[in-house]
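Structure first, then comments.
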Amino acid sequence: MRDFSNDHRWLSINTATVRRQKGEEVGLARIIDQCAEHGVRAISPWRDQVAAAGLDKVAAQLRAHGIGLSGYCRGGFYPAPDAAGLKAALEDNYRAIDEAKTLDAPCLVLVVGSLPGALAGKAAYTDIGRARNEVFDGIAASLEYARKVGMPLAIEPLHPMQAAERACINTLEQALDICDALDPQDSGMLGVALDVYHVWWDPKLQQQIARAGKKRLLAYHVCDWLTPTRDLLNDRGMMGDGVIELKKIRGWIEAAGYAGYSEVEIFSTQDWWQRSGEETLATCIERHRSVV
């Protein structure tokens, strides 16, 4: 297993981790500058932040600082109540693929969606099997376009607590089944983004990581699971403050061939989003060296 104790060359920052600082929203340009000041070599920005800052401006700023991407957040959210909605979702994923290519991302992360309307409080339908079929078809169409563009897609399974509103793909096994069905040749164009917050509990995790192998493991996200968790969406812990066996899981993915970034992705309304970006980034660096 790689030794992270002497430097943080394999640390990436998902920009959600520092998008709020001292309770205030911070622009992507400032986040990129802060990461550069701390010697962070990679980030994973969100599409809304990129849109607000300007796609070409972000690309130029990243080049100027010599910062790469560990992924691009995010595509997906395929299910819809009607044909027009399905078409709109697919077209939005095509745009996301193009944006990821412009930013030279290694992959576009897919949070696949589930019952349409549930995120807003009223599901248009409650047939999760239908949602999974629409996700499968949406990924298939996106993959066809992604192959032409040359942008790998990474399916991110989400914890079952988010099965209704954010993702009806909830285990690594489910995600890999889709990969094997749509990309049986294991081309490197379709794989998974493994977020420890969502999969640490899975009794099949080690087995499925080994199944994924080097070509399917496209991104790796780290944080920690707090006990108690005060908010299941926005109370992720800093690495080392919770119960996830981070070194054990990284050992599994590296044994399977993964040699990329450990991307810190923390949503923390009550804690880390109330601190300065400098403090949060410094802590990410220290914990990356000591516990990841």
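The values are calculated or read from the model by the stated rules, or taken from the named source; none is laboratory data. The model shown is predicted, which means the values in this text are computed figures rather than measured ones. Cβ: placed from backbone, ideal geometry, glycine included. Neighbour counts: every protein chain shown.
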Self-check item: Candidates 39, 85, filtered to the one that is surrounded by fewer than 20 Cβ atoms within 10 Å (Cβ to Cβ), more than 21 Å from residue 222 (Cβ to Cβ) and more than 19 Å from the chain's Cα centre (by Cα)
Solution: 85
Quiz item: Does residue 194 fit the bill of being of a type in the set (A, V, I, L, M), under 17 Å from residue 255 (Cβ atoms), surrounded by 22 or more Cβ atoms within 10 Å (Cβ to Cβ) and modelled with pLDDT of 95 or more?
Solution: yes
Quiz prompt | Entirely in the stretch 32-134, the strands (runs of 3 or more DSSP E) that have 1 or more residues that are touching a residue at least 12 places away in the same chain (Cβ under 8 Å) and aromatic (Phe, Trp, Tyr) | solution = 72-76
Exercise. Among residues belonging to the stretch 269-292 that are charged (D, E, K, R) and exposed (fewer than 15 other Cβ atoms within 10 Å of the Cβ), point out the one that is nearest to residue 220 (Cα to Cα).
Key: 286
Quiz item: In the stretch 164-181, which residues are surrounded by 19 or more Cβ atoms within 10 Å (Cβ to Cβ) and either within 11 Å of residue 218 (Cβ to Cβ) or among the aliphatic types (A, V, I, L, M) (or both)?
Solution: 167, 169, 172, 175, 176, 178, 179
Practice problem: Working carefully through the options 253, 266, find the one that is crowded, with 18+ Cβ neighbours inside 10 Å, assigned to a helix (DSSP H, G or I), of a type outside the set (D, E, K, R) and touching a residue at least 12 places away in the same chain (Cβ under 8 Å). | Solution: 253
Quiz prompt | Selection from the stretch 193-218 of residues that are part of a helix (DSSP H, G or I), of a type outside the set (D, E, K, R) and in contact (Cβ under 8 Å) with a residue 12 or more places away in the chain | solution = 196, 197, 198, 199, 205, 206, 208, 209, 210, 212, 213
Quiz item: Counting only residues that are out of contact with any Pro (no Cβ under 7 Å at 6 or more places or on another chain) and among the hydrophobic types (A, V, I, L, M, F, W, C), which one in the stretch 124-145 is farthest from residue 71 (Cα to Cα)?
Solution: 128
Exercise. Could you check, for the stretch 137-149, whether at least one of its residues is out of contact with any Asp or Glu (no Cβ under 8 Å at 6 or more places or on another chain), within 21 Å of residue 219 (Cβ to Cβ), crowded, with 17+ Cβ neighbours inside 10 Å and without any contact (Cβ under 8 Å) to a residue 60 or more places away in the chain?
Key: yes
